[in-house]
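Here is the structure we will look at.
The values are calculated or read from the model by the stated rules, or taken from the named source; none is laboratory data. Everything numeric here is computed off the predicted structure, so don't read it as measured data. Glycine also receives a Cβ, built like all others from the backbone with ideal geometry; neighbour counts cover every protein chain displayed.
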There are 2 protein chains.
Amino acid sequence: MDAIAVRKGEHEPSVIEVPKPEPEANEVLVRTLRVGVDGTDRELLEGGHGEFPAGEDYLVLGHEAVGVVEDSNGTEYDEGDVVVPTVRRPPNGLNRYFERGEPDMAPEGEYSERGIVGAHGFMAEYFTSSTEYLVKIPNEQAPLGFLIEPISITEKALCHAYASRSAFEWEPESAAVLGNGSLGLLTLAMFVQSSKFERTYCVGRRSRPDPTVEIIEELGATYVDSRETPVDELSNEYEGMDLIYEATGYAKHAFQTIDALAPNGVGALLGVPDSWEFEIDGGRLHKEFILHNKALVGSVNSHIGHFETASDTLDSLPESFLDSLVTGVYGIDDWEKAFADDDTTIKTAVEFSAYEER
Amino acid sequence: MDAIAVRKGEHEPSVIEVPKPEPEANEVLVRTLRVGVDGTDRELLEGGHGEFPAGEDYLVLGHEAVGVVEDSNGTEYDEGDVVVPTVRRPPNGLNRYFERGEPDMAPEGEYSERGIVGAHGFMAEYFTSSTEYLVKIPNEQAPLGFLIEPISITEKALCHAYASRSAFEWEPESAAVLGNGSLGLLTLAMFVQSSKFERTYCVGRRSRPDPTVEIIEELGATYVDSRETPVDELSNEYEGMDLIYEATGYAKHAFQTIDALAPNGVGALLGVPDSWEFEIDGGRLHKEFILHNKALVGSVNSHIGHFETASDTLDSLPESFLDSLVTGVYGIDDWEKAFADDDTTIKTAVEFSAYEER
């Protein structure tokens with residue numbers, strides 16, 4: 001069968017021929033519908049992140065998948081069920097993080113990540129998965145089910161961010177997303193949809209006219225061009241933010257966020273940067289942290305509960321937003337377009353087979 | 001009556017004569033028993049922190065007090081009740097933070113702090129306080145009641161730190177206190193007493209023999225000399241820490257803590273540093289934050305609920321620890337000794353009057 005993979009030493013994906021997988025005990029065979037492309041895939045291709053499966057010289061890409069159960073293999077699933085797989089798998093038998101259903105909290109070495117770290121992903125005509133790492137979603141979500149994984153990433157991050165503010169009566173009014181990529185925009189739409197915030201902002205580095213700026217403004221949020229207003233000037237130019245969601249991986253943002261937060265605010269860090277040395281006024285930031293009860297939480301991956309919530313969230317997002325967000329879904333003959341990285345591309349997916357209601 | 005105050009332009013406290021206060025409606029008159037001295041008092045004297053009351057050229061010191069109600073002034077208090085005052089007061093009438101009982105979450109400008117920011121403290125023979133800012137404690141706690149305020153600071157910080165880890169099953173085993181001052185040692189004793197941690201550490205910069213190192217080791221904790229093992233080497237030399245409590249105000253600690261934490265760990269920042277620019281590998285720290293789900297929370301002050309818990313905690317701390325911690329309680333004739341800052345001084349208090357059970 002066809003799969004989209006990156007080969008060792010290469011920086012571009014290719015279509016390769018791999019054997020169709022056969023489900024083992026407690027696994028089902030899933031016919032892949034669509035698989036989303038995101039920043040992590042691009043980081044993988046650049047070589048900054050990820051790991052090939054042991055003993056293999058290629059990695060099948062893709063961790064944002066939706067598919068249909070083709071062979072339920074005697075499990076509780078039915079053929080025709082629409083499913084989304086989670087990403088992390090136990091590397092050498094279960095460990096305590098997987099046992100308690102929190103693989104997202106496992107430290108390095110205690111997980112593999114399908115399509116990212118040491119395990120093949122879902123960009124293939126079929127994949128198998130143990131049933132415990134699948135979430136059944138409504139059939140109607142088949143077309144956009146590939147958005148559930150990225151939404152689940154934000155569900156988890158917000159869970160941790162809100163928990164950090166649960167020891168007092170937190171009354172957030174303002175929230176800012178740093179980054180107008182697809183995860184940033186999805187998160188912004190979630191902020192708007194949740195009605196938790198009176199004012200929302202999204203920070204990017206694009207000039208109008210730009211499709212992401214249009215989406216931001218259609219959502220009712222304020223677009224901030226960080227070339228004019230750097231993140232540490234947000235509180236002076238606009239207002240201190242009760243919640244900041246960092247989705248760019250620009251390393252200085254982690255520290256500028258401390259200044260950009262309102263008193264008692266929290267910053268959630270999501271975008272993974274590379275090593276970068278720079279100077280900060282660490283004393284002032286440290287003091288600001290304390291005297292205004294601020295918090296920063298890092299967040300990676302998500303667990304099955306976050307995927308379930310994400311499925312509900314997907315239903316709640318405006319159709320017009322989702323239409324503008326997904327700029328292209330490409331068949332296997334056209335797959336390279338899904339990896340385009342230009343200013344008109346926001347969110348793309350590769351379609352391996354069409355969904356047909358039974 | 002006598003009060004210990006710092007005058008504008010001076011860096012040493014003096015005994016001054018001030019009028020005995022008279023309680024207004026809903027206030028009681030408290031005869032001061034003892035008032036503790038801490039790092040904040042020293043910062044005030046150095047001029048790095050704090051603010052004189054409007055229109056006054058002196059500030060009565062002291063925010064760690066215990067006293068006896070001398071005139072209950074028609075309130076629900078009885079004369080003879082042993083009380084501890086909280087520190088923050090509303091500056092210009094109540095605001096929402098005070099209304100909801102969380103003055104510790106008020107931003108700058110929305111509070112004064114008795115003995116620190118814009119309001120006289122408790123280092124005087126008498127003080128008055130509105131009853132809502134007093135906590136009644138058992139008579140037996142009169143001698144060491146001045147420790148309740150510093151303990152409450154840690155109660156709040158831990159509350160926020162634990163909240164930040166409440167979105168998953170956190171199983172902390174190791175905790176480190178940065179700083180072997182009186183707040184650091186009190187916190188270390190609280191860690192040991194709570195039985196939450198299997199291994200505890202306290203980081204200082206003192207050579208043996210040293211009374212704080214003796215206390216640390218008597219508590220069963222490991223003393224780490226940061227001149228040999230800097231904080232960012234803790235995880236290599238000992239282990240990654242599930243919880244770190246920063247009580248020195250050394251600005252680099254806030255950032256070194258990110259490295260010193262175990263995966264899923266949290267750092268609570270308490271010690272307030274001055275401005276200080278330095279270089280960090282911000283990219284690596286940002287990445288470490290994310291990939292290991294770490295958190296940092298800043299914490300300042302405490303509310304009445306934390307004082308109530310602190311009173312219970314004080315009862316639970318070993319008597320031998322408290323005996324070693326409190327190195328001196330000095331009468332008004334000897335008060336200068338309470339401000340000594342040498343290696344044999346750990347925690348001191350000024351005694352304004354002796355407690356006599358009625």
Quiz item: Among the residues of the range B:78-104, which ones are without any contact (Cβ under 8 Å) to a residue 24 or more places away in the chain and buried (at least 17 other Cβ atoms within 10 Å of the Cβ)?
Solution: B:Pro90, B:Tyr97, B:Phe98
Quiz item: Within the range B:268-280, restricting attention to residues that are within 7 Å of another protein chain (Cβ to nearest Cβ) and not in a loop (DSSP other than H, G, I, E, B), which residue is farthest from B:Glu239 (Cα to Cα)?
Solution: B:Glu277
Self-check item: Evaluation of A:Ile244 against (1) surrounded by 24 or more Cβ atoms within 10 Å (Cβ to Cβ); (2) more than 14 Å from A:Val297 (Cα to Cα); (3) more than 8 Å from chain B (Cβ to nearest Cβ) (one fails), failing number
Solution: (2)
Self-check item: Residue check for A:Lys156: out of contact with any Lys or Arg (no Cβ under 9 Å at 6 or more places or on another chain) and within 14 Å of another protein chain (Cβ to nearest Cβ)
Solution: yes
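Matching residues to (1) β-branched (Val, Ile, Thr); (2) in contact with a Leu (Cβ under 8 Å, 6 or more places away or on another chain):
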{"position": "A:Glu110", "(1), (2)": "no, no"}
{"position": "A:His120", "(1), (2)": "no, yes"}
{"position": "A:Thr131", "(1), (2)": "yes, no"}
{"position": "A:Gly145", "(1), (2)": "no, yes"}
{"position": "A:Ala163", "(1), (2)": "no, no"}
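Yes or no, residue by residue, for (1) within 14 Å of chain A (Cβ to nearest Cβ); (2) in contact with an Asp or Glu (Cβ under 8 Å, 6 or more places away or on another chain):
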residue: B:Ser207; (1), (2): no, yes
residue: B:Asp210; (1), (2): no, yes
residue: B:Asp225; (1), (2): no, no
residue: B:Thr229; (1), (2): no, yes
residue: B:Gly240; (1), (2): yes, no
Exercise. Output yes when any residue across the range A:101-108 is aliphatic (A, V, I, L, M) and not in a loop (DSSP other than H, G, I, E, B), and no when none is.
Key: yes
Practice problem: Could you please give the count of residues in the range A:190-206 that are surrounded by fewer than 24 Cβ atoms within 10 Å (Cβ to Cβ) and under 19 Å from the mean Cα position of the chain (by Cα)? | Solution: 5
Quiz item: Taking into account only those residues within the range B:119-141 that are of a type in the set (A, V, I, L, M) and out of contact with any helix residue (DSSP H, G or I) (no Cβ under 6 Å at 6 or more places or on another chain), which is farthest from B:Glu70 (Cα to Cα)?
Solution: B:Ala119
Practice problem: Return the residue satisfying two criteria in turn: it lies in the range B:8-30 and is in contact with a helix residue (DSSP H, G or I) (Cβ under 9 Å, 6 or more places away or on another chain) and part of a loop (DSSP other than H, G, I, E, B), and of such residues it is farthest from B:Glu336 (Cα to Cα). | Solution: B:Asn26
Exercise. Restricting attention to helices (runs of 4 or more DSSP H) lying wholly within the range A:281-329, give those where 2 or more residues are at the interface with chain B (Cβ under 7 Å from one of its Cβ atoms).
Key: A:282-291
Exercise. For A:Ala338, state whether it is within 12 Å of chain B (Cβ to nearest Cβ), surrounded by 24 or more Cβ atoms within 10 Å (Cβ to Cβ) and under 30 Å from A:Thr32 (Cβ atoms).
Key: no
Quiz prompt | Among (1) touching a Ser or Thr at 6+ places or on another chain (Cβ under 8 Å); (2) within 14 Å of chain A (Cβ to nearest Cβ) - the single one B:Glu169 does not satisfy | solution = (1)
Quiz item: Which numbered condition trips up A:Ala25, out of (1) at pLDDT 95 or above; (2) surrounded by 17 or more Cβ atoms within 10 Å (Cβ to Cβ); (3) among the hydrophobic types (A, V, I, L, M, F, W, C)?
Solution: (2)
Quiz prompt | Total residues in the range A:139-168, condition in a loop (DSSP other than H, G, I, E, B) and either assigned by TED's automatic domain parsing to the domain that holds A:Phe197 or under 17 Å from the mean Cα position of the chain (by Cα) (or both) | solution = 5
Exercise. Pull up the range B:105-131, narrow it to residues that are in contact with a strand residue (DSSP E or B) (Cβ under 7 Å, 6 or more places away or on another chain) and acidic (Asp, Glu), then point me to the one that is surrounded by the most Cβ atoms within 10 Å (Cβ to Cβ).
Key: B:Glu113
Self-check item: the range B:172-193 - residue that is among the small types (Gly, Ala, Ser) and closer than 27 Å to A:Ser299 by Cβ and, of those, nearest to the other protein chains (Cβ to nearest Cβ)
Solution: B:Ser174
Exercise. Taking only the range B:222-267 into account, find how many residues are touching a residue at least 40 places away in the same chain (Cβ under 8 Å), of a type outside the set (Ser, Thr, Tyr) and outside any strand (DSSP E or B).
Key: 9
Quiz item: Pick from the range A:263-279 the residues that are within 24 Å of A:Ala175 (Cβ to Cβ) and in contact with a helix residue (DSSP H, G or I) (Cβ under 7 Å, 6 or more places away or on another chain): which of them is surrounded by the fewest Cβ atoms within 10 Å (Cβ to Cβ)?
Solution: A:Val272
Quiz item: Is it true that A:Val60 is of a type in the set (A, V, I, L, M) and closer than 23 Å to A:Asp312 by Cα?
Solution: no
Practice problem: Can you confirm whether the range A:144-161 contains a residue that is among the small types (Gly, Ala, Ser), at pLDDT 95 or above and surrounded by fewer than 24 Cβ atoms within 10 Å (Cβ to Cβ)? | Solution: no
Quiz item: Can you spot a residue in the range B:181-192 that is assigned to a loop (DSSP other than H, G, I, E, B) and in contact (Cβ under 8 Å) with a residue 12 or more places away in the chain?
Solution: yes
Quiz item: Only one of B:Ala349, B:Ala340 is modelled with pLDDT under 95 and closer than 26 Å to B:Gly67 by Cα; which?
Solution: B:Ala340
Quiz prompt | Matching residues in the range A:55-92 - criterion: being assigned to a loop (DSSP other than H, G, I, E, B), within 17 Å of A:Glu125 (Cα to Cα) and more than 18 Å from the chain's Cα centre (by Cα) | solution = A:Ser72, A:Glu79, A:Gly80, A:Asp81
Quiz item: Counting only residues that are within 14 Å of another protein chain (Cβ to nearest Cβ) and not β-branched (Val, Ile, Thr), how many does the range A:113-144 have?
Solution: 1
Quiz item: So which of B:Ala54, B:Ala25, B:Ala106 ends up being aliphatic (A, V, I, L, M) and within 14 Å of chain A (Cβ to nearest Cβ)?
Solution: B:Ala106
